[in-house]
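Below is one structure, written out as structure tokens, with a few remarks after it.
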Amino acid sequence: MDLQKKPSLILQLKSIIQSQNHQRLLLRDLEKEVGFVAKWNFMSIIEKYPSIFRVGGGCGKEFPFVTLTGKAEKVAREEGEARNLMEPILVKNLRKLLMLSIDCRVPLEKVEFIGNELGLPHDFKKSLIFKYPEYFSIKVINGRAYLNLENWDSSLAVTAREERFARERMLQSAGGQNKVRITKDGNYLGPFAFKMCYAAGFRPNKSYLEELEKWHKMEFPSPYLNARRFEVADPKTRKRVVAVLHELLSLTMEKRMISAKLDAFHSEYRLPSKLVLCLIKHHGIFYITNKGARSTVFLKEAYD
């Protein structure tokens, strides 16, 4: 979180420059774009990274301006090409996002709220939703616009957790599961287990590992099944909530999300009212940090 602070300023300035006419920003207009205080941070970035930003003008009647260097422009073009290649992945993830919800629909403003985390382009309504009417539609319900799933695809109702198990061939036969003993790091090989990644200093005792083994073995319904079908107090339903959070974070580009954005989907995914407590309880799966401006939730297994 600390390391991304400088790149975030660089990327913000890059986006501002690309949004200008002729791909150049007059230095006198920088304050209008970012404010008086932040302007000086951006000025120091321009000075510090001449391989990314080129300053021109200032002679005669031409005002000083900043633009991207040739090398930076090349990287920016490659980013655009990468986004085009990612379109099938983005469409698939957006369909899965809707399939996770209770009614296979999510308020459009909430999709926009996590658009950056999902890697969606800024014009995703035009470039993705309207482009694929066989998958998506926008419907207004009680004065609110919803992104609606047009058809259900059972082949997509497979979680990232299940895909990883299949990839690593960790699924054991029903007869062999009972013979597998839980390891000291809390991991268990079984079809209903989650990958555990504890901090280096965490030393669980025997009783904790025994309870964890029971939890790993407990069957639970797929996060793609409608949550209305299950009792909230059922331990299997509570484990299903962990699976929903795991899958939601797995759909993001960086396998992480600001906790406020995660909590925004409380009603669509039937998340617990005390979401932070749920995340802390399962600290082998999720990690919460307050570094940066806001609290962020990480999917631990993605950061091995």
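Within segment 245-292, the set of residues being more than 17 Å from residue 223 (Cα to Cα) and under 10 Å from the mean Cα position of the chain (by Cα) comprises 253, 254, 255, 256, 257, 258, 261.
Within segment 235-269, the residues that satisfy the criterion of being of a type in the set (Val, Ile, Thr) and open to solvent by 10 Å² or more (accessible area, probe 1.4 Å) are 237, 241, 258.
Taken over segment 281-304, the criterion of being surrounded by 15 or more Cβ atoms within 10 Å (Cβ to Cβ) and not in a loop (DSSP other than H, G, I, E, B) is satisfied by 286, 287, 296, 297, 298, 299, 300, 301, 302.
Within segment 1-21, the set of residues being of a type outside the set (D, E, K, R), open to solvent by 90 Å² or more (accessible area, probe 1.4 Å) and either at pLDDT below 90 or not assigned by the TED database to the domain that holds residue 58 (or both) comprises 3, 21.
Selection over segment 213-229 of residues that are touching a residue at least 12 places away in the same chain (Cβ under 8 Å), part of a helix (DSSP H, G or I) and either farther than 20 Å from residue 277 by Cβ or open to solvent by 20 Å² or more (accessible area, probe 1.4 Å) (or both) gives a count of 5. Filtering 276, 232 for residues that are in contact with an Asp or Glu (Cβ under 9 Å, 6 or more places away or on another chain), modelled with pLDDT under 95 and open to solvent by 50 Å² or more (accessible area, probe 1.4 Å) leaves a single hit, 276.
Would segment 286-303 turn up any residue that is free of Cβ contacts under 8 Å to residues at least 12 places away in the same chain and out of contact with any Ser or Thr (no Cβ under 9 Å at 6 or more places or on another chain)? The answer is yes, given that some residue of segment 286-303 is free of Cβ contacts under 8 Å to residues at least 12 places away in the same chain and out of contact with any Ser or Thr (no Cβ under 9 Å at 6 or more places or on another chain).
The values are calculated or read from the model by the stated rules, or taken from the named source; none is laboratory data. Just so you know, these numbers come straight off a predicted model, no measurement behind them. Using ideal geometry, Cβ is built from the backbone for each residue, glycine included, and neighbour counts are taken over all protein chains shown. In case anyone asks, the SASA skips ligands and DNA or RNA and just uses the protein heavy atoms, side chains included. Shrake-Rupley method; radii C 1.70, N 1.55, O 1.52, S 1.80 Å.
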